[in-house]
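Encoded as structure tokens, the structure appears first; notes follow it.
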Amino acid sequence: MSFSNSGNTGGETVIPSSDSPSLNGVTAAIDFDEPQKSYSLLPKQNSEVPGELLEVAMGPHHPSTHGVFRMDVVLDGERIVKLKPVFGYLHRNHEKIAEGTSYLGSIPYTDRLDYLCSMSNNWGYALTVEKLSGFQVPERAEYIRVIMAELTRLVNHICLVGFLMQDMGAMGTPLMYAFREREKILDLFEAASGARMMCNYLRFGGVRCDLPKGWLDEARKVVENFPRFLDEFEALLSGNEILIARAQGVGVLGKELAVNAGITGPMLRACGVNYDIRKVDKYGIYDRFDFRVPLGEHGDVFDRYMVRVLEMRESLKILKAALRDIPEGLIVDAKAKSRGLRPKVGEAYGRIEGPKGELGFYLISDGSANPYRYRVRPPSLINLTILEDMCLGLTIADAVIILGSVDIVLGEVDR
Amino acid sequence: MIDEGLQNEMKKQGVFTTSLQDLYNWGRKSSVWPLQFGLACCAIEMIAASMARFDISRFGAEVFRPSPRQADLMIVAGTVTKKMLPQVVRLYNQMPEPKYVIAMGACAISGGPFKEGYNVLKGVDRYLPVDVHIPGCPPRPEALLHALMTLQKKIETDALTGEKRPRHLQADAPSEFPIPEFGEHDLVPSKNEQLWKPAPVVRNE
């Protein structure tokens, strides 16, 4: 599959007319002064009454913004006329710090990018450094990486569904169920890496330490029991009247806009675009596993929910196969070097299918012990750019669940 | 105060005695309502602490309030950046007395792994009176529970009268703190002088 590189123009499909005001020569994609022209959903505005629009700042402290994120919303009644995402409240200088530390020293910082799925962040970074310096990864380590990444996907997706339901008003129960399962997987992470959340487990050319005795049996147990939980979860949620009423037809994202804006991950697949980097790039050993890519049809919040639930089922398939086939052997390639690594002059871009989308790392090496340039392509941030296009014309309660369905983690958005 | 031996003797007879201070503090420590306020990674562990396995409600602190007006405890869970700090202090000012602060995690204590960053505050205790610090990156939910128990012990010993009474019982003690603003280079002021003083530099000649 290939995409034309037509640039990140965001609201390309909704340019009202050619005479829209231009800012520094760039044509504004959306003309906010005349919202009723471009969006028929909006009620007719009585322009003679002054002060009709209300500007609300949602956040940075708001229970539903999933962290420190602000939405500046302009409301006409309860309808959203304009929405401006404001971020930067968690800008922790990740890239700048990484340019001052060694290659190895950045791995713990990648844990803290998207703090729900540290293992797959590790993988994205390790993959890039391996590309840069040409390290091989032994068979067993590849299997361990796949197992960890898919477990991470389970953790991320169940937490997301839990938080999404919390946003819809199901206080407690779905999130409690989700965290109950999450704890079981975190126990596995802790047994393997020593930490619950910030695993710091992968190394260049392998993983840091071998799995402890009996770990695989424990993991098999968790994977075997997980479908039962998913069935229960789905029985409670997928046919739920409130969920359907709140989610179907809300926050629709068109195919073209999604592709043009660079949306990746479950967000893109919910629009019906078949694009999964595990299938496209076949990084690691993903070509050995038999799994399908669930696709949505409408691109609304419900499809995004459903795609994630189905993805968890596919992840379980991969996990079952990986836990069955994992061989004995080395966990780190003997030629790989972690400490004092000085890659040759060059650049590399490595990407993985993170739970939230394409997580990419771009490294430029000037031959020294620190990267010359370290850049993260965060899926959350880029998926967030079309928030306004999905929210316009809807109510503020819808904006909350649309934001929830985008699945952002502010550590990654702001870095 | 009643003599402890007498109190025990009366307890054996089925008579329970207490003082107003103990009763008051017992009530307060058993229902600490935290502010539902997550900043970064530690917030996930804070949520995990309120879930089934760790169950913070055993300590009477499960009622996470989204509004600072209804909260007693601010858990600063995560990295405080210079952009976020004015909002953090404002939220603290909006909380009613008595109010407490737990600095959860390395970032809230000192900036943690991100200390060298240009946008990261090097410890929230420069602007807020922190009662309990929890080390860890992130601290486990058990550590948060321990911090809560430590805070409960502190509340337990608060005096109602006398010189040692806590801030909220002193009429002239401040309950609000100045909100810093972005200056030319850094936050202005760079610290709250009344609360935080840099450690004295000792030079060995």
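Structure values in brief
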item	result
Qualifying residues in the range B:79-88 (those that are touching a residue at least 60 places away in the same chain (Cβ under 8 Å) and within 17 Å of B:I109 (Cβ to Cβ)) - the one surrounded by the fewest Cβ atoms within 10 Å (Cβ to Cβ)	B:K82
Flag for B:A143 being assigned to a helix (DSSP H, G or I), in contact with a Gly (Cβ under 6 Å, 6 or more places away or on another chain) and either open to solvent by less than 80 Å² (accessible area, probe 1.4 Å) or aliphatic (A, V, I, L, M) (or both)	yes
Answer from B:K115, B:K83 - the residue that is closer than 28 Å to A:L186 by Cα and at pLDDT below 90	B:K115
Which numbered condition A:T264 misses (of (1) closer than 26 Å to A:A399 by Cα; (2) open to solvent by 10 Å² or more (accessible area, probe 1.4 Å))	(2)
Residue among A:G239, A:G254, A:G284 that is farther than 22 Å from A:I331 by Cα, modelled with pLDDT under 90 and open to solvent by less than 50 Å² (accessible area, probe 1.4 Å)	A:G254
Flag for B:G38 being within 14 Å of another protein chain (Cβ to nearest Cβ), within 27 Å of B:L187 (Cα to Cα), open to solvent by 10 Å² or more (accessible area, probe 1.4 Å) and touching a residue at least 40 places away in the same chain (Cβ under 8 Å)	yes
Some residue of the range A:338-356 being within 30 Å of A:F233 (Cα to Cα), open to solvent by less than 20 Å² (accessible area, probe 1.4 Å) and in a loop (DSSP other than H, G, I, E, B)	yes
Residue list for the range B:87-111, filter: in contact with a Ser or Thr (Cβ under 7 Å, 6 or more places away or on another chain) and more than 9 Å from every other protein chain (Cβ to nearest Cβ)	B:E97
Failed item in (1) crowded, with 18+ Cβ neighbours inside 10 Å; (2) free of Cβ contacts under 8 Å to residues at least 40 places away in the same chain, with A:A322 passing the rest	(2)
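Yes/no matrix, rows are residues, columns are (1) within 18 Å of A:I318 (Cα to Cα); (2) at pLDDT 90 or above; (3) open to solvent by 40 Å² or more (accessible area, probe 1.4 Å):
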{"site": "A:R180", "(1), (2), (3)": "no, yes, yes"}
{"site": "A:E183", "(1), (2), (3)": "no, yes, no"}
{"site": "A:L188", "(1), (2), (3)": "yes, yes, no"}
{"site": "A:A191", "(1), (2), (3)": "no, yes, yes"}
{"site": "A:W215", "(1), (2), (3)": "yes, yes, no"}
{"site": "A:R220", "(1), (2), (3)": "yes, yes, yes"}
{"site": "A:V223", "(1), (2), (3)": "yes, yes, no"}
{"site": "A:F226", "(1), (2), (3)": "yes, yes, no"}
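To keep it simple, each residue is scored yes or no on (1) modelled with pLDDT of 85 or more; (2) at positive phi; (3) open to solvent by less than 80 Å² (accessible area, probe 1.4 Å); (4) not acidic (D, E).
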residue	(1), (2), (3), (4)
B:P138	yes, no, yes, yes
B:A147	yes, no, yes, yes
B:T150	yes, no, yes, yes
B:K153	yes, no, no, yes
B:T157	yes, no, no, yes
B:L160	yes, no, yes, yes
B:I179	yes, no, yes, yes
B:Q194	no, no, no, yes
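The values are calculated or read from the model by the stated rules, or taken from the named source; none is laboratory data. Please read all numbers here as calculations on a predicted model, not as lab measurements. Note that we place each Cβ from the backbone using ideal geometry, even for glycine, and neighbour counts take in every protein chain shown. The accessibility values were calculated without ligands, DNA or RNA, using every heavy atom of the protein model including side chains. Shrake-Rupley method; radii C 1.70, N 1.55, O 1.52, S 1.80 Å.
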